[in-house]
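Notes to accompany the following structure.
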């Protein structure tokens, strides 16, 4: 395999898997999305923005998006924050104050780049903080290693969000979102 292919050159987004994630969110009852657009979730973001059944708000930073999700929850919605894993660092204050102290929950769907296959040090350095931040705050998290597991994991994560009044993170590694990985 050529080095270019190993580094992701010519790799396309997996539209089918993005569609499965989109449908899994809807089947779990999510009706409100806050997102910071990025290339990682490009196809999923497109599907979410085009879905007339979902209210989707674009945030400029992850902490802002998390605060929007908290407000949406208080307004009776079932929110999900879609973001890259680097956003856990900027969102830690919101997670601590709004979610931990005031028990205002939402689902988080994020990238999972500390796993195998991350090719760029400038991505992984800030994203290595995600799982330690979640563990330190006692926020449950799960990684979708097989797309077939997405509907169950997202549904169960949402049940925990509602039942425990606590955020839950569902992380998606790159092999799920890109073809040929």
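Worth a mention:
- Test result for residue 61, under 14 Å from the mean Cα position of the chain (by Cα) and either under 14 Å from residue 35 (Cβ atoms) or modelled with pLDDT of 90 or more (or both): yes
- Subset of the stretch 167-181 that is out of contact with any helix residue (DSSP H, G or I) (no Cβ under 8 Å at 6 or more places or on another chain) and not in a helix (DSSP H, G or I) - its residue that is nearest to residue 29 (Cα to Cα): 173
- Identity of the residue in the stretch 141-166, assigned to a loop (DSSP other than H, G, I, E, B) and modelled with pLDDT under 95, that ends up surrounded by the most Cβ atoms within 10 Å (Cβ to Cβ): 166
- Summed over the stretch 13-57, residues that are part of a loop (DSSP other than H, G, I, E, B), modelled with pLDDT of 95 or more and surrounded by fewer than 20 Cβ atoms within 10 Å (Cβ to Cβ) total 6.
- Options 175, 112: the member that is closer than 23 Å to residue 14 by Cα, within 14 Å of the chain's Cα centre (by Cα) and at pLDDT below 95: 112
The values are calculated or read from the model by the stated rules, or taken from the named source; none is laboratory data. Computed from a predicted model, the values in this text were never measured in an experiment. Here Cβ is always computed from backbone atoms with ideal geometry, including for glycine, and neighbour counts include all displayed protein chains.
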